[in-house]
Each structure stands twice: as structure tokens, then as C-alpha cells.
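Working notes for the structure below.
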Amino acid sequence: MPYSSIGDRLQQREPWYVLFLFSTLLPILVMPFTNLEGNPIQRLLLPLSVLVMVLIAVRMIPRDLIVIRGWQPYRFYRPWAALCVGVMWLPFVLGHHAAHAFHVPILAIISGFYLVTAIALVLMLAQVRRVNEAVLCLGAAGYVHLGLTGGQLATALEVLQPGSFNLGRMLPGEELVERLSYFSFVTLGTLGYGDVLPATAVAESFSVLLSVTSTLYVTLMIGLLLSRHIMTQQTR
């Protein structure tokens, strides 16, 4: 697909970039009030916030973002998004304990969707044709979404290999995904509080990769957006 064609469509989608930034912040804001064993409102908050984020992502990301010899991998993005939303509601519909039997496939589907979305955001930033407030919001949303992706992947690792992380003292009603999302953002920010720690070699490697990915993302984002801004100024 020609660069200009994708660039034009990304420019048309700019109003959605600001909404996507708010939608990535929404799960973080509702996590302290989420309890999958609590009342219906507490169980509803997290899947509803993820639903909003997924719907905006589906509207924002072009299906032909990547074309490999006529094959468009993101043609399958919307069906995957629908599947992600469906499994996200299982704990709410079935109850936390009943849905625990589906914990691994649920995490695999959601983690994979988050990872594919994170890749799409980087590709979109690489192909934007100008830098403005909306594009800066997309760059910020990509960083926040990277933290959410790290939290989902860390949760999947802990479920597949219990004891991968030393979780410390979890608060009453605190969910595993909330605790490890906190660890993910602490790692991205290189804060290193030490209250949640990797406890296995695999978890240590994951933490290193997450930290390196964060640094690379910020470096690439600054370089790409700065080069686009300079090109825009030179063509005026």
C-alpha cells in the first residue's frame, strides 16, 4: 500500500488519537475499584474500561496497516478484538471462581491482543505525515499501552509459572493483573521500589526486556516525531 495512502488515512483518524489516550488511562483509573469477587459494579468496571479501549483501537487502526505480498495481517485484528472483548466478560458473567478454569486462554488472548496493538501503534507513529497535538497524544497513548501490555504479559507469566514474581503484600481485593500492571509501570519508569520483584530467571529476563523496550520506544518516538516535525517545517 503506498505510503501516502496510509498517511492520508492516519491523518483522517487523528481525532481518535486523543480518545485513545484517555481510553488507555481508563483501566488504570478503575483498577483500584475493581474486585472480581465483589459486587456487580466492582466486577463490571475493568471489562467495561477495556471494552472502550478496544472499540477505539479498532476504529483507529487501519486494517491494511501492513501489507506483505498482498497479505494483510491486520485483517484479523477486528475478529481478534471481538474475541478479546468476549473472553474479558467471562469473569463477570460466570463469576471469578468459575472463570478461573479459563484463566490461561483468557490471558493468552488478551495479552496477544495487547501486544499486537502495541506493535500497531509503533507502526502508525512511523507512518504519520505530520506532528500535531493529536499525534503527540498517540505517542503518549503508546507508552501507556506499553505499560498495560507489560502488566498483561507479566500476569500470564505468573499464571503459567506460579512464583515467577515475589508479589509482596497484596492489598485486600487487589487482583493479580492490577499488582503486575503496577510492577510493569514501575519498571517502565525505572523507579525500582522493590516491593514486587522477579523471582525466576524467566521473570528477570522479562523485566529486562520490558525495561529495554520502554527505553527504545521513547528513543524511537522522539526521533520519529522530531524528524516528521522538521520535515513539516521545511516543506512550508
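The values are calculated or read from the model by the stated rules, or taken from the named source; none is laboratory data. This one's a predicted model, so the numbers in the text were calculated from it and none came from an experiment. Glycine gets a Cβ as well: all are built from the backbone with ideal geometry, and neighbour counts include every protein chain shown.
Structural remarks
- Hits in segment 24-40 (condition: part of a helix (DSSP H, G or I), of a type outside the set (Ser, Thr, Tyr) and either out of contact with any Leu (no Cβ under 6 Å at 6 or more places or on another chain) or loosely packed, with under 14 Cβ neighbours inside 10 Å (or both)): Leu25, Leu26, Pro27, Ile28, Leu29, Met31, Pro32, Phe33, Pro40
- Matching residues, segment 164-177, being assigned to a loop (DSSP other than H, G, I, E, B) and among the hydrophobic types (A, V, I, L, M, F, W, C): Leu167, Met170, Leu171
The rows are residues; the columns are (1) more than 16 Å from the chain's Cα centre (by Cα); (2) aromatic (Phe, Trp, Tyr); (3) in a loop (DSSP other than H, G, I, E, B); (4) under 25 Å from Cys84 (Cα atoms).
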| site | (1), (2), (3), (4) |
| --- | --- |
| Leu153 | no, no, no, yes |
| Ala156 | no, no, no, yes |
| Pro162 | yes, no, yes, yes |
| Arg179 | no, no, no, yes |
| Phe183 | no, yes, no, yes |
| Gly194 | yes, no, yes, no |
| Ser205 | yes, no, no, no |
| Val212 | yes, no, no, no |
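- Failed condition for Ala120, given (1) exposed (fewer than 15 other Cβ atoms within 10 Å of the Cβ); (2) among the small types (Gly, Ala, Ser); (3) within 18 Å of the chain's Cα centre (by Cα): (1)
- Some residue of segment 144-151 being β-branched (Val, Ile, Thr), at pLDDT below 90 and assigned to a helix (DSSP H, G or I): no
- The set of residues in segment 58-76 being aliphatic (A, V, I, L, M) and either under 14 Å from Leu148 (Cα atoms) or not in a helix (DSSP H, G or I) (or both) consists of Ile61, Leu65, Ile66, Val67, Ile68.
- Flag if Val196 is surrounded by 18 or more Cβ atoms within 10 Å (Cβ to Cβ), more than 26 Å from Pro47 (Cα to Cα) and touching a residue at least 24 places away in the same chain (Cβ under 8 Å): no
- Sole residue being small (Gly, Ala, Ser), within 21 Å of Phe33 (Cβ to Cβ) and surrounded by 18 or more Cβ atoms within 10 Å (Cβ to Cβ), chosen from Ser111, Ser164, Ser184: Ser184
- Within the set Val159, Val196, Val202, the sole residue that is of a type in the set (A, V, I, L, M), modelled with pLDDT of 95 or more and closer than 21 Å to Tyr114 by Cβ turns out to be Val202.
Residue-wise test of (1) at positive phi; (2) buried (at least 20 other Cβ atoms within 10 Å of the Cβ); (3) among the hydroxyl-bearing types (Ser, Thr, Tyr).
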| residue | (1), (2), (3) |
| --- | --- |
| Ala126 | no, no, no |
| Arg130 | no, no, no |
| Glu133 | no, no, no |
| Ala140 | no, no, no |
| Leu148 | no, yes, no |
| Val159 | no, no, no |
| Gly173 | yes, no, no |
| Leu191 | no, no, no |
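- The condition of being within 18 Å of the chain's Cα centre (by Cα), touching a residue at least 40 places away in the same chain (Cβ under 8 Å) and over 23 Å from Phe183 (Cβ atoms) holds for only one of Val52, Val18, Val85, Val58, that being Val18.
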